[in-house]
Amino acid sequence: MRMSIKRLLRAHGFTALLFESAHALLGHGGCGEAACIIIDINLDDASGIELRRRLAEHGVASPVIYITGNDNHLSRTAAIESGCIAYLTKPFAAKALIDPIHRAWSTAN
């Protein structure tokens, strides 16, 4: 999924950094410079919502788009309450991902 999203973003003129885990993303240190962060709700080492919370604790205020293959009311509610700019259920149309990224990019620049 990560590689597919990277190819899609590249095709639309965006540069993407991929991380294998929540730990790797948190250790990167440059997240605050991102126009947008795409996080899967279900990660191997943390929930996407918890990752967002931890990023905020580190001062990262970049907009977040959540994606999930296991949509449920609790996850959707928690994601929306966390302030995400989009919540997408797999499979989703490319436009559903690209549009909020364009909005985030426009706001950041």
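How much net charge surrounds Ala16 when only the other residues with a Cβ under 10 Å from the Cβ of Ala16 are counted, with Lys and Arg +1 and Asp and Glu -1?
Taking every Cβ under 10 Å from that of Ala16, the sum is +4.
Applying a 10 Å radius around every beta-carbon, put 82-91, 100-109 in order of their mean neighbour count, most first.
82-91, 100-109
Quantify how much of the Cα-Cα distance distribution of the stretch 60-109 extends past 13 Å, in percent.
Tail of P(r) above 13 Å: 58 percent of Cα pairs.
May I ask for the net charge around Ile5, where only other residues with Cβ less than 12 Å from the Cβ of Ile5 are counted and Lys, Arg are +1 while Asp, Glu are -1?
Taking every Cβ under 12 Å from that of Ile5, the sum is +4.
May I ask you to work out the translational diffusion coefficient for the chain at 25 °C, viscosity 0.890 mPa s, via Stokes-Einstein with Rh from the Kirkwood sum over Cα pairs, reported in whole µm²/s?
Here the translational diffusion coefficient equals 175 µm²/s.
Any idea what the dipole of the chain comes to, in debye rounded to 20, about its Cα centre with Lys/Arg Cβ at +1 and Asp/Glu Cβ at -1?
Dipole magnitude for the chain comes out near 380 debye.
State the antiparallel share, in %, of DSSP beta bridges confined to the chain, rounding to the nearest 5.
Bridges in the chain that DSSP calls antiparallel: roughly 10 percent.
Can you tell me which of 62-73, 18-29 comes out highest on packing, and rank the rest after it, using the mean Cβ neighbours within 10 Å?
62-73, 18-29
At 37 °C and 0.692 mPa s, grab the translational diffusion coefficient of the stretch 21-77 from Stokes-Einstein with a Kirkwood Rh over Cα pairs, rounded to a whole number in µm² per second.
For these conditions, the coefficient is 283 µm²/s.
First select every other residue whose beta carbon is under 15 angstrom from the beta carbon of Val60; then total the charges, Lys and Arg +1, Asp and Glu -1.
Once all neighbours under 15 Å are counted, the net charge is 0.
Read-outs throughout are calculated quantities, based only on the coordinates presented, and are distinct from any laboratory measurement. None of these values were measured; they are calculated from a predicted model. Cβ coordinates were reconstructed from backbone atoms using ideal geometry, including for glycine residues, and neighbour counts include every protein chain displayed.
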